[in-house]
DNA sequence: GTTCCACGGGAAGATAAGGTCG
DNA sequence: CGACCTTATCTTCCCGTGGAAC
């Protein structure tokens with residue numbers, strides 16, 4: 001390789017006409033100032049929350065919509081506006097935002113809420129009711145309206161709905177402060193699992209976010225591309241193509257933005273001065289592969305072993321892999337790498353988790369007299385997955401290991 | 001029509017690892 | 001220090017069952 005001075009190395013990269021003007025606006029974390037095609041939702045949300053500015057408690061709200069339909073962006077946007085307006089009117093109006101996917105237990109939720117009001121709560125150690133009490137005490141210090149946004153609220157239900165029940169009744173214990181909640185969910189049916197009391201209190205108002213269609217996504221992309229890219233950096237077909245791909249994915253605007261950004265990155269890496277159609281196709285592929293790789297990489301070792309078992313069976317010509325066989329191989333793998341062997345029951349659960357993550361596809365089938373089982377099909381490319389698995393040093397000894405397979409090949 | 005297997009579902013509880021508090 | 005807290009991860013136990021094989 002030609003050696004250049006270091007200075008020259010970076011100089012060249014810098015001078016290379018960048019395609020991007022401001023890439024940040026294509027990231028999920030960016031909240032745009034104006035939200036296209038969501039006027040209805042913004043207005044209904046605002047008209048419900050306006051009572052906070054009159055010092056009343058707004059109704060609790062449930063918001064539904066698939067991923068990437070702008071729920072979070074709209075809610076946050078309205079929240080910020082509300083706080084701002086409250087401030088100028090001299091009313092204390094506080095909007096707190098919590099993502100229940102990260103904060104998924106009663107304790108953590110309450111602790112987090114309390115912390116947002118400047119009080120310190122330890123990570124763990126306290127009884128939960130003490131945290132709840134502390135929270136009530138903290139907010140009740142001041143005359144204020146508190147609006148709690150619970151994003152991905154459906155994740156919370158799976159662990160029991162005590163928190164929601166408690167929170168929905170909190171107003172009866174408060175002297176000064178008023179609390180109302182906004183639940184955001186991408187599962188339209190999640191209220192079915194809710195305690196009826198919680199359900200009626202939480203769902204006083206409902207707002208639905210329909211998926212975007214391809215044209216609407218195009219509009220959104222145009223708007224952002226204007227800020228994100230240099231003029232003329234995009235080929236004519238780039239945005240429609242991104243929009244079309246994303247529209248297939250239930251109108252996911254987030255996906256569309258990802259596509260647009262990754263396509264740009266690919267083009268940049270190829271030293272092209274503008275983004276072409278093929279880059280979008282490349283982006284589509286890359287995003288999917290990245291997702292899988294990331295998921296596999298962060299899997300717990302036990303799940304990796306289970307997954308590798310499936311792959312081994314697959315490699316040995318097993319068309320229909322069943323739970324029993326997987327467990328058999330899995331046990332051998334464990335002995336090989338000196339890990340504890342989990343029970344079959346537990347491994348069944350691990351397989352279900354892999355199924356949920358979309359790494360594997362499991363269908364329950366009955367084999368009549370020979371029982372019932374899950375038939376497991378791998379839904380990721382074997383080779384690249386294998387490579388990722390062996391990045392884990394604990395799996396290294398398995399690289400050339402051949403399991404003993406039970407020879408019962410029933411068709 | 002019956003049978004009956006190899007699972008799946010659900011729940012309870014054990015354990016360990018994080019922590020607070022007096 | 002010990003008493004007591006949460007949480008994640010597994011184990012244990014028991015029951016339920018789809019549907020081809022009989």
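The figures follow:
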item: Any hit, region A:156-174, residues being part of a helix (DSSP H, G or I), in contact (Cβ under 8 Å) with a residue 12 or more places away in the chain and either within 16 Å of DNA strand B (Cβ to nearest atom) or outside the structural domain of residue A:201 (by TED's automatic domain parsing) (or both); result: yes
item: Residue that is surrounded by the most Cβ atoms within 10 Å (Cβ to Cβ), among those in region A:366-382 that are away from DNA strand C (no atom under 16 Å from the Cβ) and not in a loop (DSSP other than H, G, I, E, B); result: A:376
item: Helices (runs of 4 or more DSSP H) within region A:1-116 that include 1 or more residues at pLDDT 90 or above; result: A:39-49, A:71-88, A:106-116
item: Complete set of residues in region A:85-113 that are in contact (Cβ under 8 Å) with a residue 12 or more places away in the chain and away from DNA strand C (no atom under 13 Å from the Cβ); result: A:85, A:86, A:89, A:91, A:92, A:93, A:94, A:95, A:96, A:97, A:98, A:99
item: Matching option when the condition is within 22 Å of residue A:402 (Cα to Cα), assigned to a helix (DSSP H, G or I), away from DNA strand B (no atom under 16 Å from the Cβ) and without any contact (Cβ under 8 Å) to a residue 60 or more places away in the chain, among A:305, A:335; result: A:335
item: Residue count, region A:94-124 (criterion: away from DNA strand B (no atom under 16 Å from the Cβ), closer than 21 Å to residue A:80 by Cβ and under 24 Å from the mean Cα position of the chain (by Cα)); result: 10
item: Matching entry among A:343, A:385 (being within 12 Å of DNA strand B (Cβ to nearest atom) and either free of Cβ contacts under 8 Å to residues at least 24 places away in the same chain or surrounded by 12 or more Cβ atoms within 10 Å (Cβ to Cβ) (or both)); result: A:343
item: Some residue of region A:114-129 being over 26 Å from residue A:46 (Cα atoms) and surrounded by 20 or more Cβ atoms within 10 Å (Cβ to Cβ); result: yes
item: Counted residues, region A:350-364 - those being loosely packed, with under 12 Cβ neighbours inside 10 Å and either near DNA strand B (Cβ under 9 Å from one of its atoms) or not in a helix (DSSP H, G or I) (or both); result: 2
item: For residue A:329: the one exception among (1) part of a helix (DSSP H, G or I); (2) in the same structural domain as residue A:372 (by TED's automatic domain parsing); (3) away from DNA strand B (no atom under 16 Å from the Cβ); result: (3)
item: Residues satisfying the stated conditions in region A:365-380, i.e. away from DNA strand B (no atom under 12 Å from the Cβ) and in contact with a helix residue (DSSP H, G or I) (Cβ under 8 Å, 6 or more places away or on another chain); result: A:378, A:380
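The values are calculated or read from the model by the stated rules, or taken from the named source; none is laboratory data. Please read these numbers as outputs of a predicted model, since none were measured by experiment. All Cβ positions, glycine included, derive from the backbone under ideal geometry; neighbour counts span all protein chains shown.
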